[in-house]
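Take a look at the structure set out below.
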Amino acid sequence: MSDTLHRKIIELFETEMNLSVPDATTDLIEEGLLDSLIFVDLIVHLETMFDVEIPVADLEFDQFRTVAGIAEFVESLDAGAVSAKQDTAA
Amino acid sequence: MKGAVMKGAVMKQLIQHWVTRQAEQRPDAAAIVWKNVRVTYRELEEHSNRLAAVLKRQGAVRGDRIAFCMAKSPEAITAMLGVLKADCMYVPVDVECPASRVEKILTACEPAGVLVDASGARLMGDVLRSFAGPRPFLGTLEEMPLKENVLATDFCGTDIAAESSAPHVCENDASDGAHILFTSGSTGTPKGVVVTHSSVITYINWTLRYFGIDETDRVSGHAPLHFDLSTQDIYGAFAAGAELHPVPPEYNLLPRKLAAFIQDHRLTQWFSVPSVLNYLCRFDAVPENGFPHLRRLMWCGEVLPTPTLIYLMQKLPSVQFTNLYGPTEATIASSFYTVPECPASETESIPIGTACDGEELLVLDEQRLPVGPGEIGDLYIAGAGLSPGYWRDPEKTASVFLPDPRSIEPRRIYRTGDLARMDEEGRVWFLGRADTQIKSRGYRIELGEIETALHAIDVLEESAVVAIETGGFENMAICCAWVPAGGADINAADVRTRLAESVPRYMLPRHWLQFDRLPKNANGKIDRPRLKADFREAFLSQKSGTAVPGAAT
């Protein structure tokens, strides 16, 4: 379940933002993959893909440090909506 | 007699002596506040004296270059001062710079020594292991020698701590170089701009007078250390005896955190590139009447969109807003304009203003004769801020540092490459570039440097780079059109990964379009206007990632 989500987010990085993320535990900030431009794109893409609203005001660095962290964060936002979307996608 | 020796040194006025003076007068005042650490002027003075002693012991002599590859930190700033006290020039190297570019920088400046911290150690180790030039000594300010996968260091923090903290008598003159900053070069080789003590002193003294910066100030250190805006933050704070509050780079990701930083650190001065301000605006991160301690907000590096300026001026009615303008070649900034009142319309433009003390702005025609008021011409800068030129590159230096057509003295003018006009009141207005250099997030980028790097990638048949205006917070978006070589099974992410091996991250294109062949004009040249139109059509107008700043409010 969360593996699928990881793959989807890694795929989103690759197809929408042209970024190769080695795996779900790669530190995106330390590896220099995430900057403010990409970050804005990422939020827009996550909101579209998972049909959620990301509360930008309350974000913490660690929620975006890794693909695994992003997945966990997105799931916490709206578990119902995320799994529904995944089911239709599968 | 030590005191007398030191007084002599102080009277000479080099940029490190601002710290020395504060350490004498207000030793326990904070010089740098970083995360939970408060570094006093005495500590900064003594630590940098010790480092200078080690550098000299390693053989560094007057005029030598010492590169440092360290994350933004009090240690990195100590390293700068220590290098200056050893009569050497520092060369900042971004810890995120690709290895091939670091190698070019080291080849160009031939450093006698290199300083690293944990974050720069592996990069420098990789570069130095295969470095063809003379092998520099390698040191770190970290307490213990660095880990195995790195070249052995010649000294570490423990060795520095064992040295004397006595002051150094400096042989340098104010006309000597203090540092070399490398900027984008159109042929793919970065250009090293030599910045002298005297040009920094002239500029910093102007900022203290004009802005009234004093020891009650808490100033931001937002710009990265390899970027010349940081020179104003660091030495402006030290000259005034103020506190420097370096901003950790990860704060750039989260606008609310950045706003909280300004608030929590009770900053009195903010200085950054416009993209950061656009980012704060786009996320509406500035609280109404927030930042109660903030006295002044300055930006430099590119045009600040007026909607962002209006947003900020409405939110922060008691803050002074000043636009600064100037290339690294003329030291930090050469002109200024303090916005007298909130612009009435979002389409109003803001001038780059009038020259700072000791500087002069000239708008000239092709014969280098002044154009009339309101007429468009090339913008030149003359005066105290001018660099002696590019490091060991007389040809490039001569192409832009020209003899002043007006005077008999050997005075020089610098051709900025910017187009401008001067109005009847003598204010200068920036109108764009005369070449393909662009600004993105405040960084100067030669599109030619990116193309040169792309041409070296073997899986590409053809490639071209253009920039389009987005109206978003990054101003110009870099776009890459590419054609894979026959049979190459690659996507844009692969090309981007390859490109990241040779150009810095801020030069990586944001938008990518794959073509079967690139469009050509009648002369067989790549049709760049057509490419720009293609990118505009493909990427602008659809998503909120490129929304106009201010639209959110």
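The residues of the range B:238-257 that are of a type in the set (A, V, I, L, M) and at the interface with chain A (Cβ under 10 Å from one of its Cβ atoms), listed by number, are B:Leu253, B:Leu254. Looking at this structure, is B:Tyr337 buried (at least 19 other Cβ atoms within 10 Å of the Cβ) and under 20 Å from B:Glu302 (Cα atoms)? Considered against the rule, which asks whether it is buried (at least 19 other Cβ atoms within 10 Å of the Cβ) and under 20 Å from B:Glu302 (Cα atoms), B:Tyr337 comes out as no. Residues of the range B:173-190 that are in a loop (DSSP other than H, G, I, E, B) and either within 18 Å of the chain's Cα centre (by Cα) or of a type in the set (A, V, I, L, M, F, W, C) (or both): B:Ala174, B:Ser184, B:Gly185, B:Ser186, B:Thr189, B:Pro190. Which ones in the range B:85-111 are in contact with a Phe, Trp or Tyr (Cβ under 6 Å, 6 or more places away or on another chain) and within 14 Å of chain A (Cβ to nearest Cβ)? Once the filter is applied, which keeps residues that are in contact with a Phe, Trp or Tyr (Cβ under 6 Å, 6 or more places away or on another chain) and within 14 Å of chain A (Cβ to nearest Cβ), the range B:85-111 yields nothing. Among the residues of the range A:51-73, the ones that are away from chain B (no Cβ under 14 Å), at pLDDT below 90 and surrounded by 16 or more Cβ atoms within 10 Å (Cβ to Cβ) come to 1 in all. Quick one: is B:Asp87 closer than 20 Å to B:Thr328 by Cα and of a type in the set (Asp, Glu)? Against the criterion (closer than 20 Å to B:Thr328 by Cα and of a type in the set (Asp, Glu)), B:Asp87 does not qualify. Considering only the range B:261-277, state which residues are part of a helix (DSSP H, G or I) and either within 11 Å of another protein chain (Cβ to nearest Cβ) or of a type outside the set (A, V, I, L, M) (or both). The answer is B:Phe261, B:Gln263, B:Asp264, B:Pro274, B:Ser275, B:Val276.
Take the conditions among the hydroxyl-bearing types (Ser, Thr, Tyr), assigned to a helix (DSSP H, G or I), under 26 Å from B:Thr183 (Cβ atoms) and more than 14 Å from chain A (Cβ to nearest Cβ) and apply them to B:Thr322. Does it pass? So B:Thr322 does not fit the description; no.
Residues that are in contact (Cβ under 8 Å) with a residue 60 or more places away in the chain and more than 11 Å from B:Pro509 (Cβ to Cβ) within the range B:436-452 comprise B:Thr436, B:Gln437, B:Lys439, B:Arg441, B:Gly442, B:Tyr443, B:Arg444, B:Glu446, B:Gly448, B:Glu449, B:Thr452, listed in sequence order. Count, please, the residues in the range B:469-498 that happen to be surrounded by fewer than 22 Cβ atoms within 10 Å (Cβ to Cβ), aliphatic (A, V, I, L, M) and farther than 19 Å from A:Phe39 by Cα. Total meeting the criteria: 4. The conditions of being touching a helix residue (DSSP H, G or I) at 6+ places or on another chain (Cβ under 8 Å), under 22 Å from B:Arg21 (Cβ atoms) and either at pLDDT 95 or above or assigned to a helix (DSSP H, G or I) (or both) are not met by B:Val193. Of the residues making up the range B:278-290, not a single one is more than 10 Å from chain A (Cβ to nearest Cβ) and touching a strand residue (DSSP E or B) at 6+ places or on another chain (Cβ under 8 Å). Taken over the range B:429-453, the criterion of being part of a helix (DSSP H, G or I) and surrounded by 22 or more Cβ atoms within 10 Å (Cβ to Cβ) is satisfied by B:Leu447, B:Glu449, B:Ile450, B:Ala453.
Scanning the range B:158-165 finds one or more residues that are in a loop (DSSP other than H, G, I, E, B) and acidic (Asp, Glu).
Which of the residues spanning the range A:18-37 are at pLDDT below 85 and more than 8 Å from chain B (Cβ to nearest Cβ)? Correct list: A:Glu30, A:Glu31, A:Leu33.
Checking each residue in the range B:36-58 for being of a type in the set (Asp, Glu) and crowded, with 23+ Cβ neighbours inside 10 Å picks out only B:Glu45. Of the residues examined, B:Val495 is one that is at negative phi, in a helix (DSSP H, G or I), among the aliphatic types (A, V, I, L, M) and in contact (Cβ under 8 Å) with a residue 12 or more places away in the chain.
Filtered by the rule that a residue be surrounded by 15 or more Cβ atoms within 10 Å (Cβ to Cβ) and in contact (Cβ under 8 Å) with a residue 60 or more places away in the chain, the range B:384-400 gives B:Ala384, B:Gly385, B:Leu386, B:Ser387, B:Pro388, B:Gly389, B:Tyr390, B:Trp391, B:Asp393, B:Lys396, B:Val400.
Quick check on my filter: what residues within the range B:345-358 are modelled with pLDDT of 95 or more and either under 20 Å from B:Ile413 (Cα atoms) or out of contact with any strand residue (DSSP E or B) (no Cβ under 6 Å at 6 or more places or on another chain) (or both)? Once the filter is applied, which keeps residues that are modelled with pLDDT of 95 or more and either under 20 Å from B:Ile413 (Cα atoms) or out of contact with any strand residue (DSSP E or B) (no Cβ under 6 Å at 6 or more places or on another chain) (or both), the range B:345-358 yields B:Ile352, B:Gly353, B:Thr354, B:Ala355, B:Cys356, B:Asp357. Residue count for the range B:326-344, restricted to those that are under 18 Å from B:Arg415 (Cβ atoms), in contact with a helix residue (DSSP H, G or I) (Cβ under 9 Å, 6 or more places away or on another chain) and in a strand (DSSP E or B): 0. Within the range B:200-216, at least one residue is closer than 13 Å to B:Thr328 by Cα, more than 14 Å from every other protein chain (Cβ to nearest Cβ) and among the hydrophobic types (A, V, I, L, M, F, W, C).
Do you know which residues across the range B:513-537 are loosely packed, with under 14 Cβ neighbours inside 10 Å and either in a helix (DSSP H, G or I) or away from chain A (no Cβ under 14 Å) (or both)? Result: B:Asp516, B:Arg517, B:Lys520, B:Asn521, B:Ala522, B:Asn523, B:Gly524, B:Lys525, B:Pro529, B:Glu537. Only residues that are over 26 Å from B:Ile352 (Cβ atoms) and buried (at least 23 other Cβ atoms within 10 Å of the Cβ) were counted across the range B:247-277, and they come to 2. For B:Gly374, the requirement of being surrounded by 18 or more Cβ atoms within 10 Å (Cβ to Cβ) and part of a loop (DSSP other than H, G, I, E, B) is not met. Scan the range B:205-228 and tell me whether some residue there is touching a Gly at 6+ places or on another chain (Cβ under 9 Å), assigned to a loop (DSSP other than H, G, I, E, B) and outside the structural domain of B:Thr331 (by TED's automatic domain parsing). No, that holds for no residue.
If you check B:Pro519, B:Pro484, B:Pro509 for being more than 34 Å from the chain's Cα centre (by Cα) and under 18 Å from A:Thr15 (Cα atoms), only one passes: B:Pro484. Only residues that are within 10 Å of another protein chain (Cβ to nearest Cβ) and surrounded by fewer than 19 Cβ atoms within 10 Å (Cβ to Cβ) were counted across the range B:499-512, and they come to 1.
Does the range B:303-311 contain any residue that is in a loop (DSSP other than H, G, I, E, B), away from chain A (no Cβ under 14 Å), under 29 Å from B:Ile180 (Cβ atoms) and modelled with pLDDT under 95? Within the range B:303-311, one or more residues are in a loop (DSSP other than H, G, I, E, B), away from chain A (no Cβ under 14 Å), under 29 Å from B:Ile180 (Cβ atoms) and modelled with pLDDT under 95.
The values are calculated or read from the model by the stated rules, or taken from the named source; none is laboratory data. Remember, predicted model here, so these are calculated numbers, not experimental data. Using ideal geometry, Cβ is built from the backbone for each residue, glycine included, and neighbour counts are taken over all protein chains shown.
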